[in-house]
Amino acid sequence: MDIFIRELRAGDDDCGRSIDGSFTVDSTLVLQLMGQRIGYTVKEIPLRNKSYDDEPLVEDTVEDYSNYIGNPHQIIYLALVNNQVVGQIVLKRNWNKYAYVEDIKVDKRYRGYGVGKKLIEQAKRWTKDGGMTGIMLETQSNNVRACKFYESCGFVIGGFDSYVYRGLVKDSDEVAIYWYLMLEE
């Protein structure tokens, strides 16, 4: 499968809106502090599907993509297969000299083919070209497949917050996990 990564351009109608970013929740990470390192074990939980498209309020959703075009401080890359958008990564220069991944998603029909890895590789190039230290992102403890993917790309857990998702659901047991990838000089 040929995967082509390119910047979002004016006139791109799709902008990743047709990507099915839903995922299966069947386990969760149980975090543990081991000296200065945060590790985890995986615990099975009841099966359910999750999609952010179903969320009534998603603050991270980028609504006006035009301000990402030609902007040196933020960018969107699209992953295409046969001229069809199958993935995207939304990046911005964060205050702490990291590139922050606002959103990354790969259509569930194209997962496992290297689309996500190509998007991360492109993010590394953008980060390095921009003189930033590394890449940071956040995901949930119950998105175990995403967590394992980030770990396979070299990311490490730098922190977590058990209260982030309680703003949406008072008794939520989801934990926000902050992942970091330091770039080599």
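The values are calculated or read from the model by the stated rules, or taken from the named source; none is laboratory data. This is a predicted model, so every value here is computed, not measured. Because the Cβ atoms are built from the backbone with ideal geometry, glycine has one as well, and the counts that use them run over all protein chains shown.
What to note about this one:
Yes/no matrix, rows are residues, columns are (1) surrounded by fewer than 17 Cβ atoms within 10 Å (Cβ to Cβ); (2) farther than 23 Å from Val115 by Cβ; (3) at pLDDT 90 or above:
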position	(1), (2), (3)
Asp14	yes, no, no
Ile38	no, yes, yes
Val42	yes, yes, yes
Ile69	yes, no, yes
Gln84	yes, no, yes
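- Positions within the stretch 103-121 being surrounded by fewer than 19 Cβ atoms within 10 Å (Cβ to Cβ) and either assigned to a helix (DSSP H, G or I) or within 11 Å of the chain's Cα centre (by Cα) (or both), in sequence order: Asp103, Lys108, Arg109, Lys117, Lys118, Glu121
- Pairs, first under 13 Å from Gly16 (Cα atoms) in the stretch 91-108, second β-branched (Val, Ile, Thr) and surrounded by 19 or more Cβ atoms within 10 Å (Cβ to Cβ), C-beta under 6 Å, six or more apart: Asp103/Val90; Ile104/Ile89; Lys105/Ile19; Val106/Val115; Asp107/Ile19; Asp107/Val86
- Gly154 passes every criterion in (1) part of a helix (DSSP H, G or I); (2) under 24 Å from Gly35 (Cα atoms); (3) touching a strand residue (DSSP E or B) at 6+ places or on another chain (Cβ under 7 Å) apart from (1).
- Residues satisfying the stated conditions in the stretch 122-166, i.e. β-branched (Val, Ile, Thr) and surrounded by fewer than 15 Cβ atoms within 10 Å (Cβ to Cβ): Val156
- Residue match in the stretch 156-175 (condition: touching a residue at least 24 places away in the same chain (Cβ under 8 Å) and within 20 Å of Val115 (Cα to Cα)): no
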